[in-house]
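The values are calculated or read from the model by the stated rules, or taken from the named source; none is laboratory data. As the structure is a prediction and not an experimental result, all values here were calculated from the model. All Cβ positions, even for glycine, are placed from backbone atoms using ideal geometry, and neighbour counts span all protein chains on display.
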């Protein structure tokens, strides 16, 4: 029986450590949402190791002191795990926007601390367990060693059942999956004296919690972070990258990477705003954005200010890029020259110079526009 329990604990410990490693690999946006759960998993892993050592070393009389410590830790870690799990459940509810009294985790903690005090007294007096000739012997009060943690577990079970949706659980069936293994483990404890702590059942339950609850939370946090990042980098009016997105795009260009730059500026925007209203001005801006993205489909277009656009093409083919510029020029001419533009190519290490070249070319084009159309340039 001991060999079976030891093997089960080793397998459970392997799965737990794999999940722990995975939790440390999540992006920083999701790190905070996994912190309390990681603590629970570490305590569970420690309990499995302690339980393995207690079983393997049982019978070694020369290690009686160590066996006393290991068996005490086996019982105590259950209470510690329940305490941390109580705070974890509280954070799941409150971080999800629901309300749960702050006293809940402290009630769990108080009950488990009472259990730990009882365990200390029972270990000292031998009423919980003793080590005789290197072997574990249950005391008269051994059956009460896990009473407080069991009561706490029952309270948390009620919370799961009553407010399961607050934990992002879609069905009470999943609540059964979460709690069935610890319940079975406690039943085994009652009927088999060789089984002392049974962290295996706890480990399986924690794995189920990870699959049903924690992994979904990580996905939700990452999705929300991705959405927030997109919103922070997108121009609301045009849907193009904004100034922040433009800067991040520039920062990601390698020194040896070839780039093509298109710099465009809306013509007569102020006149349109003054004479036709800002809605007409917004339509003009959107029109320029559409023409730019259609003419340079392989580029990343950015609106860097009210009437200025920059489009960045990575590793452009020279001939293809020139054709795109010719097409853009023809397109703007056919659309009443609603924008002036310039362009240039070069290496990433000279990106600012290339942008300046394209910008100067755009200003020359704009001067021609006002001279040839006779329109007044408003500032």
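Side notes on the structure shown:
- Index of the failed condition, residue 197 passing every other in (1) touching a helix residue (DSSP H, G or I) at 6+ places or on another chain (Cβ under 7 Å); (2) more than 29 Å from residue 98 (Cβ to Cβ); (3) modelled with pLDDT of 80 or more: (3)
- Selected residue (criterion: farthest from the chain's Cα centre (by Cα)) from residues of region 88-119 that are part of a helix (DSSP H, G or I), farther than 15 Å from residue 154 by Cα and in contact (Cβ under 8 Å) with a residue 40 or more places away in the chain: 119
- Search result, residues across region 307-325 that are at negative phi and either outside the structural domain of residue 363 (by TED's automatic domain parsing) or in contact (Cβ under 8 Å) with a residue 40 or more places away in the chain (or both): 307, 308, 309, 310, 311, 312, 313, 314, 316, 321, 325
- For region 6-22, filtering for residues that are surrounded by fewer than 20 Cβ atoms within 10 Å (Cβ to Cβ), touching a residue at least 12 places away in the same chain (Cβ under 8 Å) and within 16 Å of residue 208 (Cα to Cα) leaves 3.
- In region 276-331, the qualifying residues are those that are within 17 Å of residue 354 (Cβ to Cβ) and surrounded by fewer than 13 Cβ atoms within 10 Å (Cβ to Cβ), and the one that is modelled with the lowest pLDDT is 318.
- Residue 269 passes every criterion in (1) at pLDDT 95 or above; (2) more than 19 Å from residue 241 (Cβ to Cβ); (3) in contact with a helix residue (DSSP H, G or I) (Cβ under 7 Å, 6 or more places away or on another chain) apart from (1).
- So residue 81, is it in a helix (DSSP H, G or I) and either crowded, with 20+ Cβ neighbours inside 10 Å or in contact with a strand residue (DSSP E or B) (Cβ under 8 Å, 6 or more places away or on another chain) (or both): yes
- Subset tally (residues that are free of Cβ contacts under 8 Å to residues at least 40 places away in the same chain, surrounded by 13 or more Cβ atoms within 10 Å (Cβ to Cβ) and farther than 18 Å from residue 293 by Cα) for region 221-247: 3
- Test: residue in region 58-75 that is assigned to a helix (DSSP H, G or I), in the same structural domain as residue 145 (by TED's automatic domain parsing) and within 30 Å of residue 100 (Cα to Cα): yes
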